[in-house]
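Following: one structure in structure tokens, then a few remarks.
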Amino acid sequence: MRKLHVKRLRDLWRVKGQALAIVLVIGAGIALLVMSRGMIASLDATMHAYYDRYRVADVYAPATRAPDRLIADIRAIPGVAAAEGRVRGAGLVALDEVIEPISAALISIDEGAARRVNDIHLVDGRMPTLGSTDEILLLEPFARAHGLTPGGRIAVTLHGARRDFKIAGLALSPEFIYTIPPGDIASDPKRYAVLWVPHAAMEAAYDLDGAFNEAALTLAHGANEAAVLGALDRLLAPYGATGAYARADQISNKYLVEELKQLATMDRVMTPLFLAVSAFLLNIVMTRLVETERSQIGLMKAFGFTHREIAVHYLLFALVVALLGTLAGWVGGLYLGRMITEIYQRYFYFPFLIFVPEYGTLGAALLASGATAALGGLFAVTAAARLSPAIAMRPPAPPNYGRGGLIGAALFKGADQPTRMILRRLVRNPLRAGLTCLGVGAAMGLAVMMRFQTSAVDTMLETTFNVIDRSDILVTFAEPLSETTLNDFKRIDGVIVAEPFRSVPARLVNVGKERLVSIAGLTQGSHLNRALDADLREVETHGDGVIIARQIAEALGVKVGDVVSVEIRGGRRPTLSIPVAGLVESLVGTPVYMRGEALGRALKEQGRISGAYLKIDPLKRDQVYRTLKDMPMAAGVSLRREAYANFKKLLDEGPGAFRTIMTAISIIIAAGVVYNNARIAFIERERDLATLRILGFTKVETGYVLLGELGALSILALPVGAVIGYFLWTYVATAMSTDLYAIPTVVEAEGFGYAAIIVLIAAVAAGALVQRDVNRFDLVPVLKSRE
């Protein structure tokens, strides 16, 4: 066996170019595996450690005005471990150097008591002084974005009154790992502030002396969450409760959990794709290597090496290549994981986020690469083991020059001699040519998929902010107001159009299944914000029924025509039975629609609005912003231009980084596939090429005979890659879609062209390397070698 070990090392060095290409391809797949699983482990471990250490709430129960004495009753509910009442409100921050209005969430804090729920991590400064009413804690990312420090001051409009606060310290909270301004769909540290205000000051501002408007509680291990939610709703019902909800529906936690799901999906979908291509590529190399070593295999068997030893020899060859790929991928995955960690730190507000290389992943990586090597070398190893010495030492049967029939004759007619050589090789080896096309096509398919993903992101942005929402500003109210309030916005100098909207929180229930939603009342003739489906068709409401997102319908198990129970979580809180009038596919979120008039009648609140969409004169933008900052009814102001930029930044930095990485990996695979085929063809035909040179062919003509086949197969692989890319993209887009947004299956000719250019460039680069070998090889040793 020692002699076989020496031979294996020599073989690896002889095919070092092909081996390196396979190492890079396998390493790319392993790097993706290590990166994704490392990030999943890191985010999950960090999230749970942060939640446990700072006792994040398991359940939230909003109300209008509940007396403080009810906290004792809440703590007595079976399964409740701790509970606190607090005052929560919304407001606008006014900074002298910032013209735009800034939305804010205000949370009461008892500066003298230990927090048993939703504790705060103090980053800088100190806690507010006991008994003070004008000192606050400020969310650290917002403060850093505006250069605010402890000791500075900040003006806030809350509940219609302007207050000036002193910043005592900067803080983070597990409740606000990811913050989104009202009406936006992406985080923006500059546009959303969180302030922790002394309890006494919040009670006075919101007229809630001795009362709270939100309870936050943690559950004991093994508690029945549904039972606790029901008990809370019953207990708080007389006090204007809007319905308790679990941490799973809390917006910050929801975004973080969805990100973890995206990483898990990428690991589940993308890594096997890359490893499958690696196995296919390794199979091609191993099969061709065995074919070129037929005589050597015969000699080894003639000298007494058994079938098993020969099989193990070639299998170990594949395993060594796979092991080198695993090591390269492990190192690359750790590097990429740390790089992605830095990206996550920009929009997930953790006190710490350290990339943890999950060492269990190394075992998974070794197993994956071992399986790749075994599958890739299976046929070649089997073929090598089955060869008998007599057959192996004989030259392979000469090619059948008559194969091809009428098609071959038609192809050969009129072609020059070098071109006929290329065409004959293709026609005589259709299986080999087909496998080569499939390998190159698979690489192109990956590039197609990545390009389509980029186009899908652009389509989402364009559709969301220029087709569906054509407003400039979204203003939300703390509570529904009379539709006459809209006149106040129409009178603002610089406002061109003002349109109202109505939105009501609700819970849809069907046979024990439930879903928290927001029902949007559609107004006829609305132009600034339209309800469109994924195909950009206007959503048509029918009678008094609801139109619900298809994901919600599937979760509830309802279809068109079924009656669903709708528990309104605001105002009088009626429970309605409403038929499902239709289903809708949406690009962003999971919407629920009703006709505005029908919604008003069902709530017995006709003529109430939740906010307004504004179209403004760009030349008077600053004047409009200043006016909105002083309007007491405005609880939140979303600037659509800023929202667009933030959403684009989010998709570019997070998913965009993955797209860049996987595009680079697809290029590596394309180059690896093309180079391997070219290099193996050179090794197989070394004697033939030397003979052509002796017969008077120039280096360019000789290279043309070899590389013309590669070029023809690369071109033939383009339509194969287009088909593979289309089906890959359809599958990945469906798998990566979440409740927060659906990835559209955008298919554009540009994507196919982009991927084709990548494959052709890889083919040219590989051809240049092989042409260099053609120019350099020594004719005499080649011609002296045995046939």
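Pick from the range 703-721 the residues that are among the hydrophobic types (A, V, I, L, M, F, W, C) and buried (at least 20 other Cβ atoms within 10 Å of the Cβ): which of them is modelled with the highest pLDDT?
Among those that are among the hydrophobic types (A, V, I, L, M, F, W, C) and buried (at least 20 other Cβ atoms within 10 Å of the Cβ), it is Ala717.
So is Tyr675 among the aromatic types (Phe, Trp, Tyr) and either surrounded by fewer than 22 Cβ atoms within 10 Å (Cβ to Cβ) or at positive phi (or both) or not?
When the stated conditions are applied, Tyr675 does not pass them.
Every residue in the range 459-475 that is in contact (Cβ under 8 Å) with a residue 40 or more places away in the chain and charged (D, E, K, R), please.
Scanning the range 459-475 gives Asp469, Arg470, Asp472.
Just the residues that are of a type in the set (Ser, Thr, Tyr) and farther than 22 Å from Met736 by Cα, please, taken from the range 451-485.
Ser471, Thr476, Ser482, Thr484, Thr485 - these are the residues of the range 451-485 that are of a type in the set (Ser, Thr, Tyr) and farther than 22 Å from Met736 by Cα.
Each row is one residue, and each column tells you yes or no for (1) modelled with pLDDT of 90 or more; (2) under 35 Å from the mean Cα position of the chain (by Cα); (3) crowded, with 17+ Cβ neighbours inside 10 Å; (4) farther than 14 Å from His159 by Cβ.
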{"site": "Asp68", "(1), (2), (3), (4)": "yes, no, no, yes"}
{"site": "Ala72", "(1), (2), (3), (4)": "yes, no, no, yes"}
{"site": "Ile77", "(1), (2), (3), (4)": "yes, no, yes, yes"}
{"site": "Glu97", "(1), (2), (3), (4)": "no, no, no, yes"}
{"site": "Ala105", "(1), (2), (3), (4)": "yes, yes, yes, no"}
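I'd like the full set of residues that are more than 26 Å from Ile680 (Cβ to Cβ) and hydrophobic (A, V, I, L, M, F, W, C), limited to the range 707-727.
Phe727
Restrict the check to the range 535-543 and report whether at least one residue is out of contact with any strand residue (DSSP E or B) (no Cβ under 7 Å at 6 or more places or on another chain) and either within 19 Å of Leu599 (Cα to Cα) or crowded, with 17+ Cβ neighbours inside 10 Å (or both).
yes
Among the residues that make up the range 463-470, is at least one of them crowded, with 19+ Cβ neighbours inside 10 Å and basic (Lys, Arg)?
Among the residues of the range 463-470, not one is crowded, with 19+ Cβ neighbours inside 10 Å and basic (Lys, Arg), which makes the answer no.
Which condition from (1) of a type in the set (Gly, Ala, Ser); (2) surrounded by fewer than 18 Cβ atoms within 10 Å (Cβ to Cβ); (3) farther than 19 Å from Pro62 by Cα is the one that Gly230 breaks?
If we test Gly230 against (1) of a type in the set (Gly, Ala, Ser); (2) surrounded by fewer than 18 Cβ atoms within 10 Å (Cβ to Cβ); (3) farther than 19 Å from Pro62 by Cα, just (3) comes out false.
Restricting to the range 560-599, name every residue that is part of a helix (DSSP H, G or I) and either crowded, with 18+ Cβ neighbours inside 10 Å or aliphatic (A, V, I, L, M) (or both).
Passing the criteria: Gly596, Ala598, Leu599.
Tell me which residues, restricted to the range 710-734, are more than 14 Å from Gly439 (Cβ to Cβ) and more than 27 Å from the chain's Cα centre (by Cα).
Those that are more than 14 Å from Gly439 (Cβ to Cβ) and more than 27 Å from the chain's Cα centre (by Cα): Gly711, Ala712, Ile715, Pro719.
The values are calculated or read from the model by the stated rules, or taken from the named source; none is laboratory data. From a predicted model like this one, the values you see are computed outputs, not experimental measurements. Positions of Cβ are generated from backbone atoms using ideal geometry, with glycine treated the same way; all protein chains shown enter the neighbour counts.
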